[in-house]
Amino acid sequence: MDEFYLPEDVIEWLGLKKSEYLSKLISNVRADDFQFEEYHQFEDLIPSTISLPDWSVEVLEDDRRIKTYYRLYSDEKSFYQVISGLIVEDQNKNDVFVPILSFVTRHEDLVKVFCGGKMNRPLLN
């Protein structure tokens, strides 16, 4: 795998965007939802959420492409996993996904807070 480096201004922008998204998450998460210290228990699902999302949304923020993947997991308890990241091109003009924030939630209303832009795949029932 080739090495990939982000310019300093992009790294700074990512830090600011992560702070903004965390603030939005903290402001909207319910007390009966997953707590931050539980999020790591769902990290093993990140690859499947990105490769097989139920839907995804891409928006431009500050002239940068942000893509968010959404997946509803239904086992003994239903929950959503949401993963947002910056799309940048590498030296070969391939898209590279640089994560900004991922979280899980039991509540659709929190998912809707992070669901703006154009849907690339229809919501599945």
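The values are calculated or read from the model by the stated rules, or taken from the named source; none is laboratory data. Predicted model only: the values in this text are computed from it and were never measured. Positions of Cβ are generated from backbone atoms using ideal geometry, with glycine treated the same way; all protein chains shown enter the neighbour counts.
Observations
- Candidates TYR73, TYR39, TYR21: the one that is among the hydroxyl-bearing types (Ser, Thr, Tyr), under 17 Å from LEU110 (Cα atoms), touching a helix residue (DSSP H, G or I) at 6+ places or on another chain (Cβ under 8 Å) and surrounded by 10 or more Cβ atoms within 10 Å (Cβ to Cβ) is TYR73.
- For segment 51-70, the set of residues classified as surrounded by 14 or more Cβ atoms within 10 Å (Cβ to Cβ) and under 21 Å from ARG106 (Cβ atoms) consists of PRO53, ASP54, TRP55, SER56, VAL57, THR68, TYR69, TYR70, listed by residue number.
- Within segment 24-36, the set of residues being more than 11 Å from GLN81 (Cβ to Cβ), touching a Lys or Arg at 6+ places or on another chain (Cβ under 8 Å) and surrounded by 15 or more Cβ atoms within 10 Å (Cβ to Cβ) comprises ASP33 only.
- Residues satisfying the stated conditions in segment 23-78, i.e. over 14 Å from the mean Cα position of the chain (by Cα) and among the aromatic types (Phe, Trp, Tyr): PHE34, PHE36, TYR73
- Only residues that are touching a residue at least 40 places away in the same chain (Cβ under 8 Å) and either touching an Asp or Glu at 6+ places or on another chain (Cβ under 8 Å) or not β-branched (Val, Ile, Thr) (or both) were counted across segment 1-30, and they come to 13.
- Within segment 48-58, the presence of at least one residue that is among the aliphatic types (A, V, I, L, M), in contact (Cβ under 8 Å) with a residue 60 or more places away in the chain, in contact with a Cys (Cβ under 7 Å, 6 or more places away or on another chain) and in a strand (DSSP E or B) is confirmed.
- For VAL96, the conditions (1) over 19 Å from LEU16 (Cα atoms); (2) at pLDDT 95 or above are fulfilled apart from (2).
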